[in-house]
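Everything below concerns the one structure shown next.
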Amino acid sequence: MRTKFILTIAGLIILFGIGNYYIGLRLWQSIGDKVAPGLVNYYWIIFSLLAGSYFLGRLGAICFPGDFSDRMIWIGSYWLGLAFYLCLFWLAYDIVAIVSSFIGFFPRGISSYSNGIGLSILAAAILVVAYGARNACTPNIRRYDITINKSVDNCTELHVVLISDLHLGILVGRDRLRRAVQIINELDPDLILMPGDIIDENIGAFVENEMPEILRGIRSRLGIYGILGSHEYIYGHSEKAITCLKRAGINMLRDQYIKLPNDVYIVGRDDLFREQLVGTPRRNLTTILQGCNREFPIILMDHQPVGLEEAALQGVDLQLSGHTHHGQIFPINLLTQKIFKIDWGYLRRGPYQVIVSSGFGTWGPPIRLGTISEIVDITIKFIPHA
């Protein structure tokens, strides 16, 4: 599993390198070669540093943590978004230009490498990223009213706030976290659930920016429960992440369950990435749920929206997941719709129900296009005792 993970990452890096070379070549052909043709070597040095800034920053955060590495990550993250749309726009234009060479779609005299075309594509990509950055920082409250056909003592309704994929760290910082805490407290929930990716990989920025103390400002009557996601494992700091999150007042569940005073079970599964990055598989759901009374409601947190059939067979009433970000940026959301049976929203199969959040934060490019940043407000009704 580790080999597969490493090969996947290597393949993505190679694809990223090819895409950046394509972008750099097109930008030089359309703009640089006409503005400053004698500076081609300097252009490629600067472009290479820009294209590699995200990876240099991530490597620096491990070997030489500090402000410089953080700035490189910040610059590189925005470049990821800009490069993605530059590549899409140039590909679209080149395809149309090739077709036009056969059918005469473009007027004669228009070149694929003209200054005007290059500047137009660059400006369009910048505007898209700027809009996406603003959209990513504007959280929405998404509401669900659902019913679990089970009875619990002295409780006919449970108000739950679900906030997944915060990715707290360098890019999703203190100000956005304070805003999230404010929204949650205004919703006045009974219970808060955080199904993974609370911390964005390296926990250094999370601790140094005093985010555990900010999280302790969240108020709820029945507590805050969370699980680990893929990103708490990526840097190999899952145990430190657990310690920091507990310090933040979050009760972390690792392949285990707790029973609330109102007889509702909250189950937390470890993430699938545990096996790929640590080498030990998570426990199966049958083992985790041993001792649960299926007559009472069972709410499961699983970071990735997978294992739906298993959860349904084991009597889970409601599964809460994140991870997908609903693709985060168009058209990747079209891909996540194909990968997952549900990549965002609500699904019901008999008594089994699933809610998948698009998440609060972002990973990679700090933008959202065609998706939303959200905090999920869930009202769960139970049937009264006969």
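The values are calculated or read from the model by the stated rules, or taken from the named source; none is laboratory data. Remember, predicted model here, so these are calculated numbers, not experimental data. Cβ sites come from the backbone with ideal geometry, for glycine too, and all protein chains shown count toward neighbours.
Using the structure shown, decide if A36 is farther than 30 Å from L272 by Cα and surrounded by fewer than 13 Cβ atoms within 10 Å (Cβ to Cβ). The answer is yes for A36. Name the pairs: first residue in the range 78-95 and touching a residue at least 12 places away in the same chain (Cβ under 8 Å), second residue surrounded by 18 or more Cβ atoms within 10 Å (Cβ to Cβ) and basic (K, R), Cβ to Cβ under 6 Å, at least 6 apart or on different chains? Close Cβ pairs satisfying both conditions: W90/R26.
Screening N293 against (1) under 19 Å from the mean Cα position of the chain (by Cα); (2) free of Cβ contacts under 8 Å to residues at least 60 places away in the same chain leaves a single unmet condition, (1). Note on the range 250-288: among residues that are among the aliphatic types (A, V, I, L, M) and in a loop (DSSP other than H, G, I, E, B), the one that is nearest to V316 (Cα to Cα) is V264.
Quick check on G132: is it out of contact with any helix residue (DSSP H, G or I) (no Cβ under 6 Å at 6 or more places or on another chain) and loosely packed, with under 13 Cβ neighbours inside 10 Å? When the stated conditions are applied, G132 does not pass them. Scanning the range 342-386 for residues that are of a type in the set (S, T, Y), closer than 22 Å to D317 by Cβ and buried (at least 22 other Cβ atoms within 10 Å of the Cβ) yields a single hit, S357.
Would a scan of the range 155-165 turn up a residue that is buried (at least 19 other Cβ atoms within 10 Å of the Cβ), small (G, A, S) and at pLDDT 95 or above?
Among the residues of the range 155-165, at least one is buried (at least 19 other Cβ atoms within 10 Å of the Cβ), small (G, A, S) and at pLDDT 95 or above, which makes the answer yes.
Show me the helices (runs of 4 or more DSSP H) entirely contained within the range 1-75 in which 3 or more residues are under 30 Å from V207 (Cβ atoms) and under 23 Å from the mean Cα position of the chain (by Cα). So the answer is 2-27, 53-63. For the range 223-254, the set of residues classified as surrounded by 18 or more Cβ atoms within 10 Å (Cβ to Cβ) and among the acidic types (D, E) consists of E232 only.
Based on this model, can you work out whether T286 counts as touching a residue at least 24 places away in the same chain (Cβ under 8 Å), of a type in the set (V, I, T) and surrounded by fewer than 16 Cβ atoms within 10 Å (Cβ to Cβ)? The answer is yes for T286.
Within 30 Å of K381 (Cβ to Cβ) and at pLDDT 80 or above: is that true of R143 in this structure?
Yes; evaluated as a whole, the condition is true for this residue.
If you check E239, E186 for being of a type in the set (D, E, K, R), in the same structural domain as L168 (by TED's automatic domain parsing) and modelled with pLDDT under 95, only one passes: E239.
Note on the range 253-305: residues that are of a type in the set (D, E) and over 27 Å from L7 (Cβ atoms) amount to 3.
Residues in the range 293-328 that are among the β-branched types (V, I, T) and on the phi > 0 side of the Ramachandran plot: 0 in all. Total residues in the range 69-96 satisfying the condition of being within 20 Å of H167 (Cα to Cα) and surrounded by fewer than 18 Cβ atoms within 10 Å (Cβ to Cβ): the figure is 3.
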